[in-house]
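Chemist: Before I ask anything, here is the structure I am working with.
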Amino acid sequence: MEQRYDLSGSLLHWYDYNKRILPWRENKDPYRIWISEIMLQQTRVEAVKPYFDRFMEVLPTVYDLAKVDDDRLMKLWEGLGYYNRARNLKVAAQTIVEEYGGQLPADYDKLLSLKGIGMYTAGAIGSIAFELQVPAVDGNVLRVLTRLWGDDSDILKDKTKKAMGRRVMEFMPEDRPGDFNQALIELGATVCVPNGQPLCDQCPWDTVCKAYKEDLIDQLPVKTPKKARRIEHKTVFLLECGEQIAIHKRGDKGLLAGLWEFPNEDKKMDAEDIKEWMAEHHMEDAKTKAAGKGKHIFSHVEWNMIGYKVRVDELEKKCTEQMLFVHPEEIERNYPIPAAFEAYTDHIQILLGQEKYNMMPETNDVG
Ligand code: ADE
């Protein structure tokens, strides 16, 4: 039955009538498609849109990206999370300029060899920008296909992704591989949705979907449970001197490398610890006020924070060499601060990343 059903024809017909108008679908510029695909990893379409538009305004070509200043790049990415994605983009842009004359290569293996481009992204760029016959299997596509075929393989395994990629090739149309891959992604994002009930009555495959027919929607896809996140405690200091606030640059390795933060310690400090910390930093007489709790969830770690606001005077300020004292407006303009510190930005009246676009963080971890 399924063999004879025109899977790709019905999917493309549905896509032609239902595809969303998205900024990276305006044309087939490989640079735009590449940037959008990297932004869309782990982040939902609605959250990506304003970042994408801003990125294209500031860095319209691969040459601009290849030479962008790191802080500027991080500022453009501020709030999107997974900052290595942006660092890898710059490295790959330099390779594209140096080795490929500023053009993304129209070749799957060459795309795959660029920093930050894995099988999914090489497939997406290759098919959408260059009409190459290659699969692009992301979390959306895995959900759609495991339900279509009633397949209970673990979708977090590479083996499953590769097997699904091979099966997709069996019904990929020769003339529209880019639209076909986007249609699969679109079906997963808008109909065969990740959270909540899928809209099966709007699906072009409702008559052939095994999960729908056999009532297996709730059981598929199968994902092995992830390890519990490690909890880390932090004490965050908002050191205020006149109108300026202390910030500190994180080291260039590890989580949030190279971004700016409010000074903090990796433990929950009680009143006694705070007193000691203040003395160590020559601020024993400074006034301290509680700034409340904060929490931020990364993919593998959770930060539980407690904050203190401290009024520092001119003399004490000299003793804190590792910190920069910067006006909040300048922080907002020029210093990338990760959304992890969002709980404390109200105290100094700055907006970070997604807050600037009036949105809640919307990471969509598909594993
Ligand atoms: N998610 C990943 N790639 C996408 C694309 N090209 N369009 C919409 N959503 C996507």
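The values are calculated or read from the model by the stated rules, or taken from the named source; none is laboratory data. In this text, all values refer to a predicted model and were calculated from it rather than measured experimentally. For neighbour counting, all protein chains shown are included, and Cβ atoms are generated from backbone atoms with ideal geometry for every residue, glycine included.
Chemist: For segment 85-121, enumerate the residues that are within 16 Å of the ligand (Cβ to nearest atom) and either in contact with a Cys (Cβ under 6 Å, 6 or more places away or on another chain) or farther than 27 Å from LEU256 by Cβ (or both). Full working, then the answer.
Modeler: Here is the first cut: in segment 85-121, the residues within 16 Å of the ligand (Cβ to nearest atom) are 85, 89, 104, 111, 116-121.
Answer for segment 85-121, where residues must be within 16 Å of the ligand (Cβ to nearest atom) and either in contact with a Cys (Cβ under 6 Å, 6 or more places away or on another chain) or farther than 27 Å from LEU256 by Cβ (or both): LEU104, LEU111.
Chemist: Would you mind stating whether LYS115 is over 25 Å from VAL222 (Cα atoms) and either in contact (Cβ under 8 Å) with a residue 12 or more places away in the chain or touching an Asp or Glu at 6+ places or on another chain (Cβ under 7 Å) (or both)? Walk me through it before giving the result.
Modeler: Numbers: over 25 Å from VAL222 (Cα atoms): yes; either in contact (Cβ under 8 Å) with a residue 12 or more places away in the chain or touching an Asp or Glu at 6+ places or on another chain (Cβ under 7 Å) (or both): yes.
So LYS115 fits the description; yes.
Chemist: Of all residues in segment 16-33, how many are away from the ligand (no atom under 11 Å from the Cβ) and surrounded by 14 or more Cβ atoms within 10 Å (Cβ to Cβ)?
Modeler: Total satisfying the criteria: 4.
Chemist: All but one of (1) more than 14 Å from the ligand (Cβ to nearest atom); (2) surrounded by 13 or more Cβ atoms within 10 Å (Cβ to Cβ); (3) within 19 Å of LEU132 (Cα to Cα) hold for PHE55, so report the exception by its number.
Modeler: Here PHE55 meets the rest and fails (3).
Chemist: A further question on this structure: Which of the following residues is surrounded by 13 or more Cβ atoms within 10 Å (Cβ to Cβ), assigned to a helix (DSSP H, G or I), within 16 Å of the ligand (Cβ to nearest atom) and modelled with pLDDT of 95 or more: LYS75, LYS49? Don't jump to the end; show me each part of the working.
Modeler: Numbers: LYS75 fails: within 16 Å of the ligand (Cβ to nearest atom).
Unique residue meeting the criteria: LYS49.
The rows are residues; the columns are (1) away from the ligand (no atom under 16 Å from the Cβ); (2) part of a helix (DSSP H, G or I).
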site	(1), (2)
LYS159	yes, yes
ILE185	no, yes
VAL208	yes, no
THR224	yes, no
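Chemist: May I ask you to verify whether GLU232 is at pLDDT 95 or above, away from the ligand (no atom under 16 Å from the Cβ) and within 24 Å of the chain's Cα centre (by Cα)?
Modeler: Numbers: at pLDDT 95 or above: yes; away from the ligand (no atom under 16 Å from the Cβ): yes; within 24 Å of the chain's Cα centre (by Cα): yes.
Considered against the rule, which asks whether it is at pLDDT 95 or above, away from the ligand (no atom under 16 Å from the Cβ) and within 24 Å of the chain's Cα centre (by Cα), GLU232 comes out as yes.
Chemist: Out of everything in segment 83-137 that is among the aliphatic types (A, V, I, L, M) and surrounded by fewer than 20 Cβ atoms within 10 Å (Cβ to Cβ), what residue ends up being nearest to GLU174 (Cα to Cα)?
Modeler: The first filter runs over segment 83-137 and keeps only residues among the aliphatic types (A, V, I, L, M), leaving 86, 89, 91-93, 96-97, 104, 106, 111-112, 114, 117, 119, 122, 124-125, 128-129, 132, 134, 136-137.
Keeping just the survivors that are surrounded by fewer than 20 Cβ atoms within 10 Å (Cβ to Cβ) gives 91, 97, 106, 112, 119, 132.
Details: VAL91: 33, VAL97: 31, ALA106: 17, LEU112: 22, MET119: 20, LEU132: 9 Å.
Looking at the filtered set, the residue picked out is LEU132.
Chemist: Okay, moving on. Are there any pairs with C-beta distances below 6 angstrom linking a residue in segment 19-34 that is farther than 18 Å from MET119 by Cα to a residue that is within 12 Å of the ligand (Cβ to nearest atom) and at pLDDT below 95, with the two at least 6 apart or on different chains, and if so which?
Modeler: From segment 19-34, no pairs qualify.
Chemist: I've got another one for you. So which residues in segment 270-313 are aliphatic (A, V, I, L, M) and in contact with a Cys (Cβ under 7 Å, 6 or more places away or on another chain), if there are any at all? Break it down stepwise before answering.
Modeler: Step one: filter segment 270-313 for residues aliphatic (A, V, I, L, M), giving 271, 274, 278-279, 283, 286, 290-291, 297, 301, 305-306, 310, 312.
Of everything in segment 270-313, just one residue is aliphatic (A, V, I, L, M) and in contact with a Cys (Cβ under 7 Å, 6 or more places away or on another chain), namely VAL312.
Chemist: Residues that are at pLDDT 95 or above, closer than 18 Å to VAL68 by Cα and aliphatic (A, V, I, L, M): which helices (runs of 4 or more DSSP H) entirely in segment 82-133 hold 2 or more of them?
Modeler: Details: elements: 84-100, 108-112, 119-130.
So the answer is 84-100.
Chemist: Determine, yes or no, whether THR224 is over 15 Å from LEU148 (Cα atoms), exposed (fewer than 13 other Cβ atoms within 10 Å of the Cβ) and touching a residue at least 24 places away in the same chain (Cβ under 8 Å). Give the steps one after another, and end with the answer.
Modeler: Working: over 15 Å from LEU148 (Cα atoms): yes; exposed (fewer than 13 other Cβ atoms within 10 Å of the Cβ): yes; touching a residue at least 24 places away in the same chain (Cβ under 8 Å): yes.
Criteria met by THR224.
Chemist: State which residue is farthest from the ligand (Cβ to nearest atom) when the search covers only segment 125-152 and only residues that are of a type in the set (Gly, Ala, Ser) and closer than 28 Å to THR207 by Cα.
Modeler: Here is the first cut: in segment 125-152, the residues of a type in the set (Gly, Ala, Ser) are 126-127, 129, 136, 139, 150.
The next check asks that each one be closer than 28 Å to THR207 by Cα; those that pass are 127, 136, 139, 150.
Values: SER127: 10, ALA136: 8, GLY139: 9, GLY150: 24 Å.
Top of the filtered list is GLY150.
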